[in-house]
Amino acid sequence: MNTEKVINGVNVTNLFATLDVVKAQPAAAQFQFRATNEWLAGTHSRSTMGGFFGAGQEHEHKATYAYEADHPTVLVGADNAPTPAEFLLHAIATCLTAGIGNIASARGVKLTRVASTVEGDINLLGLLGLDDSVRNGYQGIRVNFEIEGDAPAEKLRDIVQRSIARSAVYDVFTNGVPVTVSVVA
C-alpha cells in the first residue's frame, strides 16, 4: 500500500522524512554543489554539472547537465546563449519557485499557478571600467510573482514570503558570500 502523500508534484512524505533526518543528524545538511566550465570562443563558454556531495556522500545527477552562456552581439559576443547575468535572474526565480512549491505542499495548499517575472538593472559604465563609482553587477533586481491556489491571498503571499526567507539564492544575493579565485597558468 502506497502511503506517500504528493501535493503539487512534491512528495510531502519524503519532504517531512528529510526534515526529520536532518534534525536528528545535522551533519547530513552539509552539501557541496559543483560546476566545471570550458571556454568555447569569444565570450561563449559551457558549464557542466554532474556530481555533488550531500547527506554524507557523493551523488550524481541522473544526467550531466550543460548550460552555455554568451554575450549578445551588442556586448561583443555572438549571442549563442543567455548572458551569465541572465542566469542569475533564472537562479533566483527558480529557487524561489521551488521553495513556493515545497512550502505550499507542506502546508497542504494546492497551487494552480505560479509565475514570475524577474528584472535586473546593470549600468555598463562599471562593467566596462569607465566609472569606478558604478557597480559592476546588478544595481537592483525585482521579482514579481503571480500565485494562485486553493488558499486565501494572504496565505499565498505568506508562502512566497517564507520561500524568500529560506531561499539559498536570495540569501546569496542579499547577504553576499565569500568567493575565492585561484589560478593555475
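Laboratory data are not the source of any read-out in this text; all were calculated from the coordinates shown. Bear in mind the structure is a predicted one, so any value in this text is a computation, not a measurement. Every residue, glycine as well, gets a Cβ built from its backbone with ideal geometry; the counts of neighbours run over all protein chains shown.
Points to keep in mind about this one:
- Ranked by the mean number of other Cβ atoms within 10 Å of their residues, highest first, the peptides 97-103, 149-155 come out as 97-103, 149-155.
- When only the Cβ of Lys, Arg, Asp and Glu is charged (+1, +1, -1, -1), the dipole of the chain relative to its Cα centre reaches about 680 debye.
- Cα gyration tensor, region 36-119 - rounded (a/c under 1.5), prolate or oblate: oblate
- With the simple model of a label 7 Å out from the Cα in the direction of the Cβ, N136 to N11 spans 4.2 nm.
- Among V134, V22, V118, the largest mean-square fluctuation in a Gaussian network model of the chain (Cα springs under 10 Å) belongs to V134.
- Taking every C-alpha pair closer than 8 Å and separated by at least 6 residues, the mean separation divided by the residue count of region 83-185 gives a relative contact order of 32 percent.
- With a cut-off of 13 Å between beta carbons, the residues surrounding S47 carry a summed charge of -1, where Lys and Arg count +1 and Asp and Glu -1.
- Neighbours of T83 by Cβ distance under 12 Å: Lys/Arg scored +1, Asp/Glu scored -1, total -4.
- A simple packing score, the average count of other Cβ atoms within 10 Å per residue, orders the peptides 56-62, 87-93, 29-35 as 87-93, 29-35, 56-62, with the highest score first.
- The angle between the Cα long axis of helix 12-24 and the main principal axis of the chain comes to about 80°, on a 0 to 90 degree scale.
- Identified option (computed P(r) over Cα pairs in 10 Å bins from 0, in percent; candidates [x] 8, 24, 35, 23, 9, 1, 0; [y] 11, 43, 39, 8, 0; [z] 9, 31, 34, 20, 5, 0): [x]
- Sum of side-chain charges, L127 neighbourhood, beta-carbon under 15 Å (Lys, Arg +1; Asp, Glu -1): -3
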